[in-house]
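Following: one structure in structure tokens, then a few remarks.
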Amino acid sequence: MQSLQQKALEWSGVAGEDAFAIDDTNLYQKLGHQTFVDLSTNFYNRVYADDQEWFRSIFANSNKEDAIQNQYEFFIQRMGGPPLFSQRKGHPALIGRHRPFPVTREAAERWLQHMQNALDSVPKIDADSKTCMQNFFRHTAFFLVAGNQMMNEQQRCAHNPQHKQ
């Protein structure tokens, strides 16, 4: 059985060394705090204005300002800055935190499309940093898809003892 990381690498098409290239440079020091605030704000403005109702509905029960803060604090922490997210919310536990949402391949691709547009709209993000971030985001999106699939499978098995994994 494939691990979640193996599935994420396969499904995302991102090589392992590229998926975690963000660890080779402190992007927080390089880009600065405000860049991550701007990126997350731009991203969620796009998400909440998406023309596809099915996608907007994923975020319907979320507060936009909270989503922006959660995202930029996570990005800052993950990309070399202070542990703002963990100090406020605890361990990131991405799969568990995204459990209430339908994290499908289609949703991941739509999320990535908005993130690409947001990355392109923040002039302070240079091409190399953007590539590192794109690879990390793509891998992470499909890690969440794999985690969602695993959780759904476990739930099906728990409700149907005859079901085999």
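Just so it is clear, none of the values below were taken in a lab; they were calculated from the coordinates. Since the model is a prediction, treat every value here as computed from it, not as a measurement. Quick reminder, even Gly has a Cβ in these numbers, built from the backbone with ideal geometry, and neighbours come from all protein chains shown.
Assorted remarks:
- Computed from the C-beta positions of Ser62 and Glu17, the FRET efficiency with R₀ = 41 Å rounds to 0.80.
- Taking Ser3, Ser86 and counting other C-beta atoms within 10 Å, the order from fewest to most: Ser3, Ser86
- Rounded D (µm²/s) - region 4-159, Kirkwood Rh over Cα pairs, Stokes-Einstein at 25 °C, 0.890 mPa s: 153 µm²/s
- Theoretical FRET efficiency, 1/(1+(r/R0)^6), r = Cβ-Cβ of Gln116 and Gln87, R0 30 Å, to 0.05: 0.55
- Take the Cα of Asp126, go 7 Å toward its beta carbon, and the backbone nitrogen atoms of region 22-37 under 18 Å from that spot belong to 22-36.
- Relative exposure of Cys132, Cys157, judged by other C-beta atoms within 10 Å (fewest first): Cys157, Cys132
- Net charge over other residues, Cβ less than 12 angstrom from the Cβ of Leu9 (K, R count +1; D, E count -1): -1
- Debye-formula intensities of region 1-70, expressed as log10 I(q)/I(0) at q = 0.19 Å⁻¹, are -0.99 (one equal scatterer per alpha-carbon, no solvent).
- Look at Ile22, Ile76 and count the other Cβ atoms within 10 Å of each Cβ; fewest to most, that gives Ile22, Ile76.
- In this rough spin-label picture, where each label sits 7 Å from Cα along the Cβ direction, the Gln134-Thr104 distance is 2.6 nm.
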